[in-house]
Amino acid sequence: MATEGLLDGARQLKIHGANGKHSPNVANGKANGVKLVRKNGLSPGVRNGMATDVHSKGKEKIRSKESFEEVPLYTAVMTYMGFYLLVVLGYLNQFLFAPPVAKEKNRKGYVPLYNRFEQFYSRYVYRRIRDCWNRPICSVPGAEVVLKDRITNDYGWTFEYTGLEKKCLNLGSYNYLGFAEASGPCAEESIESIKKYACSLCSTRHELGTSPIHLELEETTARFLGVEAAITFGMGFATNALNLPCILSPGCLVISDEKNHASLILGLRLSGATIRVFKHNNMKDLEKVLRNAVVQGQPKTHVPWKKILIVAEGVYSMEGSIVHLPEVIALKKKYKAYLFLDEAHSVGAMGPRGRGVVDYFGVNPHDVDVLMGTFTKSFGSAGGYIAGSKELVDYFRVNSHAACYASSMSPPVAQQIITSMRIIMGEDGTHEGQKRVMQLARNTRYFRRRLHQMGVIIYGNEDSPVVPLLVYMFSKIGAVVRTLVSKKIAAVGVGFPATPLMEGRIRFCLSAAHTKEQLDNVLDILEDIAERLGLKYSQLPRYKGVIQYEDEIE
Amino acid sequence: MGTYWIPTNIDELLGGIKEASLLHFFLEGFLVASLLWFIFRKSYKKRDVHSMSKEEEDRLIEEWNPEPLVSTPRQDHPALKPHVVTGKAGHYLDVDGHHCLNLATHNYLSFADKPEVEERAIQSIRKYGVGSCGPRGFYGTVDVHLELEEKLAKFMGMEEACVYAYGFSTIASAIPAYAKRGDVIFVDEAANFAIQKGLDASRSSIYYFKHNDVQDLERLLLEHEAKMNPRKAKVTRKFLVMEGIYMNTGNICPLPALLNLAHRFKCRTILDENVSFGTLGETGRGVTEHFNVNREDVDLIVGSMEWALGSIGGFCVGSSFIVEHQRLSGLGYCFSASLPPLLTAAAIASLEEIERNPTLMSVLHGKCQDLHNALSNLGEAGFRVSGFSEGPVKHLFLLNPPEDLGKHQALLHDISQYCISNGVAIIPASYLDQIEAQPRTPSLRITANVDLTKAEMETVIKVLKQAASKFLS
Ligand SMILES: Cc1ncc(COP(=O)(O)O)c(C=O)c1O
């Protein structure tokens, strides 16, 4: 493992956290014998259970809790100071030592290729915690994952592989329903599809890249989502980047959530439409922007916009928040806008039947004009889809850049989706899918509640399987990720520039494949780390009782 | 948009911080803050002045009548009734129930259905499952990715390679990773659509030169140099983007002449080898090997694993100085799940096949040449063949096409249908005409395959002649 100053700091702190196993609160709760009472009711989606007429109940729902606790002032100041200190040290370092990096050869007199600050940042700031990313794995990314061990002898400039491997509990991969499996029906059927269709058709969907497996996948996807039709593509990123431009043109307005994914932003930029941003999940701001747009029309000329498209995600992968879908739909109807919903992280992972946030809120899928999602996450595969009315999908079949120019989806990749989707729908004749959906919901609630109780700040909705734990300081990202790995837990750190400078975080992705014992293990270790590294920033009152895993069930 | 946090944009966001001075850093920060405050305050006031009553606003909202989200496409568009390929798309394939010789998919080396390649993919599923469940940064880097990258770099004799999950997104992400607003890019007008999207994303100024016309490029470069004021020229990066073999014409680029010009005008070069990788050169190392140019003279080589290698995905190779940058700035690299391990393994297997089989390329070149010769004899039938004779992609153009674009396309569609019904899979190249940067002449795109025999080529010519006499006379 990397042995940098930061980690040494973490080691020193260890002395203080001698009995980190049980937090006082948990002990307290046990003594009083208080049992958890769910104040806030059940999650709206889950409450409706398998009810068929979920649509009509949409309005009476109680929203489940979503929290974005503010950072304490002291921490904010320290975070900035810490970052500036890193920058200053970086400049010093750069001034004193020549960096051991590749220099460009034979390009004398060329304009420098890179921006200086960017280069400085990646060399002298990012490099310090560079070992926390791109860690290679050598197994299936299931509930556990085997990391390839590597060390750095030069403070992160280069890495060497030690030849050792380390099995870690996996809280880093987007394996929400646990379909990343090297055996079982998904793997077996994918293997069969290679024998039948090979790995690639070497063609585009417009040419000779359509095989029955693609048609089956699209039919299954449409059925799964409860809409008329769907079209699929070989990559989720490209699904956004290459399809958004087909439905937009200059003179159109896009109102986009500020936390939208890079692929959406790229697609919107390529479209030539005007882009306005609303504050993350802030319905007041959305309405303000919408109203203003319709009333004012295009800038200067005041010609009305051709059309207005709201672009949002189901579950935000860096924030752990869930779109306020019923409100968004109400607003889009009120102002005659259209809605593009990216369900990359929510399809499969949300809702009583795993059909995404549409299912979670029990809204009518037809109220979302364009349903987009990816197969990379819950389905343990790759690729993306766009679904909606037949007219919409036909339009994409004809005009989509990806359908015309990009290669069609690999058959085993398609088969993995079909099989896992059937399992979720129960079409395989078992309750395996339903069990996984429930297990994920339960794991999510349990893990989040325990973290709240611990006094750390976590962002997002209590039903979101993406759990960002705020550590704020840049160097703490490194310290926490490294300590976690040393305790055999794989989690992801996210910092500037992927998040605002202030909001460095560790992200956990829960999975239906995790057991309670595994989660308890993680929580115990986190408790210890939170104590030692001072992550208990939360100033909210904490629940004192014992949180029972079994209570997280509907 | 201040809230768009994409790493490539650090420089845009913190535009002022260029120099290594801390004081500068703080001063800029202060200035930007005051500027923002000033702008904000002003716009706030303005809105107050212009405000309407709520009723007026409601009336406007009531009256606004947006366009439909999408227009209804014409129902007879071929994309709505695509050909369905049942089974593997090998040297032969089944299209809509017809057993056909395959001259349509880009399976030049017959790796797409090679048992060794399939076996490797199957083994990979047994070890890694199907999806990688994460981007490269977040536990999506599987050891096979590292193996493939190392193999590719070694194969091309360059320092480093990086692998993308999708061929299209490779070049489309690579270009904007380097070229930014204010830079200039010179590009061949026949460049494929993925390149065009990369150019759009870069927001640089784009200059198209005539297809494979080195003089035209020189003219543009000179014009640009004359126009540019010297101070601005010092900070304006110049790029030259070209394809090894153009997907849209089948022609090979005059690489040595282009590199000469690039060197003279200090342009960085990006070479898209989606067709030429694994098909050109004595050992399949692409157009650089074909012309025997030093690969280090090209700044970045971009290749595809979707055609010759029979897998999915793409890659970039170059010096570490160049390629490393994409691991933080290539949008499609950073913000998308990594290539599924099984497809990575398939690409490795194919690459090994090329290395193991030293005569493979000369066989392929022979077949391409034979096919080219055969197709060249179709002049009387009404076709003109275009493309590099030893290259695997050819375009058949009509010598006397109808004026009307729709009719022209329909005619080619009919010819293609006829060929398919008669056991030869030949299809028109598909374009989105309204959004291509340059108009594309409709054509039948024909691909060669290493397993083609003389007898099969004769069948192809026979069927094409029959089709011509049926539709072109
Ligand atoms: C919201 C969103 N959209 C699209 C994507 C891209 O999907 P893929 O990884 O399949 O390319 C992601 C993945 O990170 C995402 O989070």
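Points worth noting:
- When shorter helices are ignored and each DSSP H run of at least 4 residues is given -39500 (n - 2.57), the per-residue value for chain A at 222 nm works out to -12000 deg cm²/dmol.
- Proximal charge balance of B:ILE206 [Cβ under 11 Å; K/R count +1, D/E count -1]: -2
- Summarising the amide proton neighbourhood of B:SER338: residues at separation of 5 or more, or on other chains, whose placed amide H is nearer than 5 Å comprise B:GLY134, B:ARG136.
- Between region A:493-520 and region A:390-469, the C-alpha centres lie 17 angstrom from each other.
- Chain B - convex hull of alpha carbons, volume per residue in Å³: 208 Å³
- Accessible area buried between chains B and A, both sides summed, probe 1.4 Å, in Å² to nearest 100: 11800 Å²
- Stokes-Einstein diffusion of region A:466-554 at 10 °C, 1.306 mPa s viscosity, Kirkwood radius from Cα pairs, rounded to a whole number: 111 µm²/s.
- If both residues of a DSSP beta bridge must be in the protein assembly as shown, then about 60% of such bridges are antiparallel.
- Rg over Rh [alpha-carbon atoms, Kirkwood Rh] for region B:333-419: 1.17
- When both bridge partners sit in chain A, DSSP labels roughly 60% of those beta bridges antiparallel.
- Taking a straight Cα-Cα cut-off under 27 Å and skipping sequence neighbours fewer than 8 places away in the same chain, the lysines within cross-link reach of B:LYS367 are B:LYS88, B:LYS114, B:LYS394, B:LYS454, B:LYS462, B:LYS465.
- Dipole of the protein assembly as shown, positive end: most advanced residue of B:ILE420, A:GLY380, B:THR344 [Cβ charges, Cα centre]: A:GLY380
- Remark on region A:199-312: ratio of C-alpha radius of gyration to 2.2 N^0.38 Å is 1.31.
- Region B:137-356 - percent of accessible surface contributed by carbon and sulfur, probe 1.4 Å: 50 percent
- DSSP H segments from chain A that extend 24 Å or more along their own axis, Cα-based, with Kyte-Doolittle mean of -0.5 or above: A:73-96, A:516-533
- Region B:430-449-region B:373-388 distance, computed between alpha-carbon centres (Å): 17 Å
- Ranking A:PRO250, B:VAL298, A:GLY495 by Cα position along the charge dipole of the protein assembly as shown, where only Lys, Arg, Asp and Glu carry charges on their C-beta atoms, puts A:GLY495 farthest toward the positive end.
- Near the amide H of A:SER211, within less than 5 Å, lie the amide hydrogens of B:VAL85, all on another chain or at least 5 residues away, with H placed in the peptide plane.
- Rg and Dmax over the alpha-carbon atoms of region B:137-356 stand at 16.7, 53 Å.
- Between helix B:214-227 and chain B: long-axis angle, C-alpha atoms, 0 to 90°, nearest 10: 10 degrees
- The C-alpha atoms of chain B define a longest principal axis, and helix B:22-50 lies at about 90 degrees to it.
- Put simply, the amide H of A:LEU309, placed in the peptide plane, has neighbours under 5 Å in A:LEU253, A:VAL254, A:ILE255, A:TYR338, leaving out anything fewer than 5 places away on its chain.
- Packing around the peptides A:382-393, B:428-439, A:318-329, taken as the average count of other Cβ atoms within 10 Å per residue, puts them in this order, highest first: A:382-393, A:318-329, B:428-439.
- If you take all other residues with their beta carbon under 15 Å from the beta carbon of B:GLY318, and give Lys and Arg +1 and Asp and Glu -1, the sum is -3.
- Note on region B:137-356: antiparallel DSSP beta bridges, both residues inside, total approximately 40 percent of the bridges counted.
- Using the Cβ-Cβ distance between A:GLU192 and B:ASN357 with R0 set to 25 Å, the FRET efficiency from 1/(1 + (r/R0)^6) comes to roughly 0.30.
- Our summary gives region A:185-425 a relative contact order of 31 percent, counting only alpha carbon pairs under 8 angstrom and 6 or more residues apart.
- Here is the size of the protein assembly as shown from its Cα atoms: Rg then Dmax, 28.6, 96 Å.
- Backbone N atoms of region B:50-79 closer than 11 Å to the 7 Å Cα→Cβ label point of A:HIS302 belong to residues B:50-52.
- In straight-distance terms, cross-link reach from B:LYS180 covers every one of the lysines whose alpha-carbon lies under 20 Å from its own, apart from those fewer than eight places away in the same chain; here that gives B:LYS18, B:LYS197, B:LYS227, B:LYS232, B:LYS234, B:LYS238, B:LYS266.
- Net charge dipole size for the protein assembly as shown [Lys, Arg +1 and Asp, Glu -1 on Cβ; Debye, nearest 20]: 3200 debye
- For region B:78-96, residues shielded by at least 20 square angstrom of accessible area compared with the chain on its own, probe 1.4 Å: B:ALA79, B:LEU80, B:PRO82, B:HIS83, B:VAL84, B:VAL85, B:GLY87, B:LYS88, B:ALA89
- When peptides A:370-376, A:357-363 are sorted by average Cβ neighbour count within 10 Å, with the highest value leading, the order is A:370-376, A:357-363.
- Applying the Karplus relation 6.51 cos²θ - 1.76 cosθ + 1.60 with θ = phi - 60° to region B:364-371 yields 3J(HN,Hα) values of 4, 4, x, 5, 4, 4, 4, 4 Hz, where x marks Gly and Pro.
- Local net charge near B:SER443, Cβ-Cβ under 12 Å (Lys/Arg +1, Asp/Glu -1): +4
- Region A:95-110-region B:220-260 distance, computed between alpha-carbon centres (Å): 25 Å
- Note on A:LYS148: lysines with a C-alpha under 28 Å away, same-chain residues under 8 apart excluded, are A:LYS14, A:LYS166, A:LYS167, A:LYS377, A:LYS476, A:LYS487, A:LYS488, A:LYS516, B:LYS127, B:LYS151, B:LYS154.
- For chain A, the Cα-based Rg and Dmax, in that order, read 24.3, 76 Å.
- Other protein chain Cβ atoms within 10 Å, averaged over every residue that makes up A:211-220: 2
- Accessible surface area normalised per residue over region B:137-356 is 29 Å², counting heavy atoms of protein chains with a 1.4 Å rolling probe.
- The residue among B:ILE195, B:TYR208, B:ASN229 whose Cα reaches farthest toward the positive pole of the charge dipole of region B:105-247, with charges on the beta-carbon of Lys, Arg, Asp and Glu, is B:ASN229.
- In region A:200-296, the trypsin sites (Lys or Arg not before Pro) that fall in loop regions by DSSP, at most 15 other Cβ within 10 Å: A:LYS279
- Only Lys, Arg, Asp and Glu carry charge here, each on its Cβ (+1 for the first two, -1 for the last two); on that basis chain A has a dipole of about 1460 debye about its Cα centre.
- Here the simple spin-label model places points 7 Å from the Cα toward Cβ, and for A:TYR74 and A:LYS435 these points are separated by 4.9 nm.
- Nearest 10 degrees, 0 to 90: helix B:54-63 Cα axis against chain B principal axis: 10 degrees
- Carbon plus sulfur fraction of accessible area for region B:359-473, probe 1.4 Å, in percent: 49 percent
- Average beta carbon contacts from partner chains per residue of A:233-246, 10 Å cutoff: 6
- Using only alpha-carbon positions in region B:255-367, the gyration tensor eigenvalues give semi-axes of 24, 23, 10 Å once each is multiplied by 5 and square-rooted (largest first).
- Stokes-Einstein diffusion for region B:354-473 at 37 °C, viscosity 0.692 mPa s, with a Kirkwood radius from C-alpha pairs, works out to 217 µm²/s.
- Note on chain A: with neighbouring protein chains present and a 1.4 Å probe, carbon and sulfur make up 56 percent of its accessible heavy-atom surface.
- A loss of 40 Å² or more of accessible area (1.4 Å probe, protein heavy atoms, ligands and nucleic acids excluded) relative to the isolated chain is seen in these residues of region A:367-389: A:THR376.
The values are calculated or read from the model by the stated rules, or taken from the named source; none is laboratory data. Quick caveat: nothing in here was measured; it's all calculated off a predicted structure. Positions of Cβ are backbone-derived with ideal geometry, glycine not excepted, and every protein chain shown enters the neighbour counts. Note: areas computed on protein heavy atoms with side chains; ligands, DNA, RNA excluded. Shrake-Rupley method; radii C 1.70, N 1.55, O 1.52, S 1.80 Å.
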